[in-house]
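Down below is the structure, laid out as structure tokens.
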Amino acid sequence: MGAEFFGDVATVNGKCWPDLEVARGKYRFRVFNGSNARFYDLKFVAGGSALVFHQIGSDGGLLNAPVRLNRLVIGPGERADIVLDFAGLPAGSRIVLRNSAPVPYPDGPVSVRRGGVPLPDIMQFTVASQTGYTVPLPASLRPQPITSLRDKPTAATRSMTLVEVVDANGIPVMALLNNRMFGSPDITAVKSDTLEQWELINTTVDAHPIHLHFTQFQVLNRQRFDAGAYLAATGYTDPVSGLVVPGQGNAVPVDPFLIGRPKNAPAGEQGWKDTVVALPGEVTRIRVPFGAEAAGGAPLAIGESFKGEYVWHCHVLEHEDNDMMQRYVIE
Ligand SMILES: [Cu+2]
């Protein structure tokens with residue numbers, strides 16, 4: 001796959017290190033990570049401390065209620081709507097949007113070849129003297145709460161693996177879903193208007209923001225597992241070299257390899273998502289509706305049902321292009 005490219009400058013709306021003058025009030029920022037490979041761990045730093053802000057939306061719309069945060073981790077392709085209140089800051093205050101995410105995320109460089117430079121400063125806000133929008137945030141953000149898919153019946157639970165292919169020198173050459181190349185005819189078929197649980201089993205050392213086309217899903221939980229033992233059980237690896245052979249073997253259920261207990265998705269992920277970060281050595285469980293009627297008629301983020309081919313892929317550009325993208329078909 002070659003190493004991911006990590007640039008040494010970030011742009012915000014096309015500008016390098018911009019400064020935004022703000023009134024003393026609330027601002028809604030629609031944050032989208034459009035970087036090819038870089039994750040961000042963001043804080044709004046004023047006078048050495050991180051400001052509290054509220055997340056009000058995820059990829060697919062508003063959350064049920066504002067979520068109080070002082071940092072936001074966002075992977076490529078993910079979105080978050082946040083509200084930051086500058087009302088309590090004196091005119092002339094400067095707030096720097098700072099990033100502390102190691103790259104590759106989450107553990108940083110494993111070799112010079114895979115190194116990424118840190119990118120601590122993203123942009124600045126300067127507080128002006130005039131008063132801005134000071135109306136309090138509503139306690140609830142939706143007329144009806146989001147339909148929880150947690151206890152809805154599922155038509156299938158699928159083991160979906162994230163796999164890295166390295167050469168004999170340990171240099172990454174490819175990343176794959178279910179150990180299949182993009183052109184493989186061996187794709188997942190789902191039934192229209194059904195709910196499925198996909199278990200994103202990340203056997204690699206990197207985090208992957210996994211994006212499904214067509215639908216908006218919910219993140220159920222994450223749980224650690226023994227990646228080495230799991231990989232051995234899939235038949236993905238050559239028994240002599242120990243290297244993953246693309247196209248070989250099949251995903252198996254991760255249950256016998258689980259470690260510890262599942263962790264529920266954090267509050268900022270308790271909304272509609274179409275991109276979810278699958279951390280290394282973890283299974284990330286998502287509940288995916290494949291059509292508007294997938295939860296017995298309860299309202300979903302998607303309002304239509306379609307059949308045909310869609311794709312799911314990692315949102316790290318160097319991964320999806322080489323070759324971490326698969327078709328799936330809704331029948
Ligand atoms: Cu990836």
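The values are calculated or read from the model by the stated rules, or taken from the named source; none is laboratory data. Quick caveat: nothing in here was measured; it's all calculated off a predicted structure. Every residue, glycine among them, receives a Cβ derived from its backbone with ideal geometry; neighbour counts consider all protein chains shown. Note: accessible area is taken over every heavy atom of the protein model, side chains too, but ligands, DNA and RNA are not part of it. Shrake-Rupley method; radii C 1.70, N 1.55, O 1.52, S 1.80 Å.
General observations
- Qualifying residue in segment 239-248 (condition: away from the ligand (no atom under 16 Å from the Cβ), hydroxyl-bearing (Ser, Thr, Tyr), in contact (Cβ under 8 Å) with a residue 60 or more places away in the chain and assigned by TED's automatic domain parsing to the domain that holds residue 176): yes
- When segment 38-68 is filtered for residues that are among the hydrophobic types (A, V, I, L, M, F, W, C) and touching a Pro at 6+ places or on another chain (Cβ under 9 Å), the ones remaining, listed by number, are 39, 56, 65, 67.
- In segment 116-140, the residue that is least open to solvent (accessible area, probe 1.4 Å) out of those that are within 30 Å of residue 90 (Cβ to Cβ), in a loop (DSSP other than H, G, I, E, B) and at pLDDT 95 or above is 132.
- Those residues of segment 252-308 which are open to solvent by 50 Å² or more (accessible area, probe 1.4 Å), under 16 Å from residue 220 (Cα atoms) and either part of a loop (DSSP other than H, G, I, E, B) or not assigned by TED's automatic domain parsing to the domain that holds residue 191 (or both), in sequence order: 266, 270
- The listed residue being closer than 26 Å to residue 309 by Cβ, outside the structural domain of residue 67 (by TED's automatic domain parsing), crowded, with 19+ Cβ neighbours inside 10 Å and of a type in the set (A, V, I, L, M, F, W, C), out of 212, 231: 212
- Selection within segment 34-56 - aliphatic (A, V, I, L, M) and open to solvent by 20 Å² or more (accessible area, probe 1.4 Å): 45, 50, 51, 52
- Some residue of segment 24-33 being surrounded by fewer than 19 Cβ atoms within 10 Å (Cβ to Cβ) and without any contact (Cβ under 8 Å) to a residue 40 or more places away in the chain: no
- Checked across segment 141-150, the condition of being open to solvent by 70 Å² or more (accessible area, probe 1.4 Å) and among the small types (Gly, Ala, Ser) holds for no residue.
- Looking only at residues of segment 309-321 that are more than 14 Å from residue 274 (Cα to Cα) and surrounded by fewer than 20 Cβ atoms within 10 Å (Cβ to Cβ), we find that the one that is farthest from the ligand (Cβ to nearest atom) is 309.
- Residue within segment 167-188 that is away from the ligand (no atom under 16 Å from the Cβ) and within 22 Å of residue 291 (Cα to Cα) present: yes
- Conditions (1) more than 15 Å from the ligand (Cβ to nearest atom); (2) modelled with pLDDT of 95 or more; (3) outside any strand (DSSP E or B); number of the one not met by residue 159: (3)
- Residue check for residue 193: charged (D, E, K, R) and within 22 Å of residue 37 (Cβ to Cβ): no
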